[in-house]
1. Percent of Cα-Cα pairs per 20 Å bin, from 0 to the last occupied bin, for the chain, please list those.
2. By how many nm would the segment from LYS203 to GLU177 grow when fully extended, if each residue of separation counts as 0.36 nm and the alpha-carbon distance is taken off?
3. To the nearest 500 deg cm²/dmol, what mean residue ellipticity at 222 nm is calculated for the chain from DSSP H runs of n ≥ 4 alone, each contributing -39,500 (n - 2.57), summed and divided by the residues?
4. Restricting to Cα pairs below 8 Å that are 6+ residues apart, what does the relative contact order work out to for the stretch 204-321? Please round to a whole percent.
5. Based only on the alpha carbon positions, what is the Kirkwood hydrodynamic radius of the stretch 237-286, in angstrom?
6. Under 8 Å for C-alpha pairs, at least 6 residues apart: give me the relative contact order for the chain, rounded to a whole percent.
7. For the stretch 204-321, please report how many Lys pairs fall under 13 Å Cα to Cα, leaving out neighbours fewer than 8 apart on the same chain.
8. If a/c stays under 1.5 just call it rounded; otherwise compare a/b with b/c (prolate if a/b is bigger, oblate if not). Do that for the stretch 146-248, with a ≥ b ≥ c from the square roots of the Cα gyration tensor eigenvalues.
Amino acid sequence: MKKLSFLSLLLISALLFAPSLTSCKSVGSDIKEEGKIRISCTTFSAFDWARQLTYGSKNAEVMLLTDSGVDIHSYVPSVADAARIASSDIIIYVGSASESFIEDMSPKGARLINLLSLLGEDALEIPKSAAGNHENHDNEGGHGEHDEHVWLSLKNARYFCSVICESLCEADSGNSELYKSNCKEYTKALQSLEDEYYTAASKGKAGLMMFADRFPFVYMLNDCKIDYCAAFEGCSTESGATFETVAIMAKLLSESELCCVVITESTDKRLANTIIAASGKENVQIITMNSIQRVSRTDIDKGKTYIDFMKENLVAFKKALG
Ligand SMILES: [Zn+2]
């Protein structure tokens, strides 16, 4: 009852402040149109998959709940988001602890697509930092907590799309042929990009990638069977690396074939520069990979897609492996 009244309160507030909803930055229309199915997503990647799969359907509207600049790990739904969730037919979310509100706020009968649950035993644990153990990449002895960056695996993306497609066909059976055909085409594109990653991984000299940063790419590197070494575990918001971390990474850099150090889109090059300087190795490049966990409104408005980001990441991936 408590949950229900909380939700009702949110809905009432949402209605009272309806004119201000338009100023909220979620992507998609706030007024659900009669007869349409609404698909709400907490991550850009899921938003884009749903968008690709419903392409050409007049019956589906896809929304991205997190507005630009919001870190998905600390996303708290606004009143307007609560109203959007409450009017959704399909909700696609990662299923991390910080998203537990989805189950509380979703309406009865909505199809909930929890990506981590879908992975089941294939969900990976949060990887350790370099100071933890850089050689341990078969997720043994982790913390038991699952890594949330499930979208950074194209293999996962293909599987998630097949599940999203099934839900779309159930929720809007009149358009099921369209959804199935879109899914088939899109999955082909994902597969072909995935193959490019595998080819790059097999051709790369290093067989190892070094992240002078947090490390959200465990699913990608696990698919590609590439070892890794990262300054911070998982998507930790730690900002200062210990002396021990710098020393371990500098030693590894100097002894390996690595010619690049990777950072993510949200970090500066300071730590990378420190590690490179300490390694004594020359001509080491710093390259950036995108975690796609925080996509700017500008990029969304420009029509950038999940595949666009993953293609950019492939260029960096190839470079990083030498
Ligand atoms: Zn993250």
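The values are calculated or read from the model by the stated rules, or taken from the named source; none is laboratory data. Being a predicted model, the structure only gives us computed values, none of them experimental. With ideal geometry, Cβ positions are generated from the backbone for all residues, glycine too; neighbour counts draw on all protein chains shown. For the accessible areas, the whole protein counts, side chains as well, though only heavy atoms, and no ligand, DNA or RNA atoms are used. Shrake-Rupley method; radii C 1.70, N 1.55, O 1.52, S 1.80 Å.
1. Final binned percentages: 31, 53, 15, 0.
2. Numbers: separation 26, 0.36 × 26 = 9.36 nm, distance 3.93 nm.
Result: 5.4 nm gained on full extension.
3. Dividing the helical sum by the residues of the chain leaves -13500 deg cm²/dmol.
4. Values: 162 pairs, mean separation 34.2, N = 118.
Averaging sequence separation for qualifying contacts and normalising by length gives 29 percent for the stretch 204-321.
5. Details: mean 1/r = 0.0900 Å⁻¹.
Final number for the Kirkwood radius of the stretch 237-286 is 11.1 Å.
6. Values: 524 pairs, mean separation 55.0, N = 322.
After rounding, I find 17 percent.
7. Numbers: LYS205/LYS318; LYS205/LYS319; LYS251/LYS281; LYS311/LYS319.
Count of close lysine pairs: 4.
8. Working: a/c = 5.14, a/b = 2.04, b/c = 2.52.
Here the stretch 146-248 falls in the oblate category.
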